[in-house]
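Readers should treat all values here as calculations from the given coordinates under stated rules, not as data from a laboratory. Just so you know, these numbers come straight off a predicted model, no measurement behind them. Heads up, the Cβs are rebuilt from the backbone with ideal geometry, glycines too, and the neighbour counts pull from every protein chain shown.
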Amino acid sequence: PGWLLSPAGRPYRDSILHKNQRRVFGLLERPVLPPALAVPTVTYKLFLAGRSGVGKTALVAWLGGAPALPAHHETLGIEATPLFWPAKPRASGRPVLFQLHLWD
């Protein structure tokens with residue numbers, strides 16, 4: 001669980017952070033890693049659905065490291081937010097980069 005905070009996980013953590021804030025990537029962008037640290041990317045699409053005003057957009061903002069808006073604004077249509085998260089699964093022992101497409 002503490003792999004990202006270890007010296008081995010630091011280069012991966014630094015690829016998604018800028019000044020200790022999560023970088024915002026566009027739909028076609030991805031973190032840049034040195035060739036020696038290249039890892040496979042595992043992509044998931046997560047669709048959040050629910051009643052209006054329950055906090056779906058606030059959850060996506062929190063996961064993405066952005067501040068949530070203090071007032072309620074209805075999301076028109078669908079907002080797609082890409083989120084990258086490096087991890088080291090216990091079973092494989094090799095790091096992977098999760099690419100989550102959050103659809104709100």
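Among the residues of the stretch 46-104 satisfying the criterion of being farther than 30 Å from A8 by Cβ and of a type in the set (K, R), which is nearest to the chain's Cα centre (by Cα)? If we take residues in the stretch 46-104 being farther than 30 Å from A8 by Cβ and of a type in the set (K, R), then K56 is nearest to the chain's Cα centre (by Cα).
Is at least one residue of the stretch 2-11 within 12 Å of the chain's Cα centre (by Cα) and closer than 23 Å to R90 by Cα? No: the stretch 2-11 contains no residue that is within 12 Å of the chain's Cα centre (by Cα) and closer than 23 Å to R90 by Cα.
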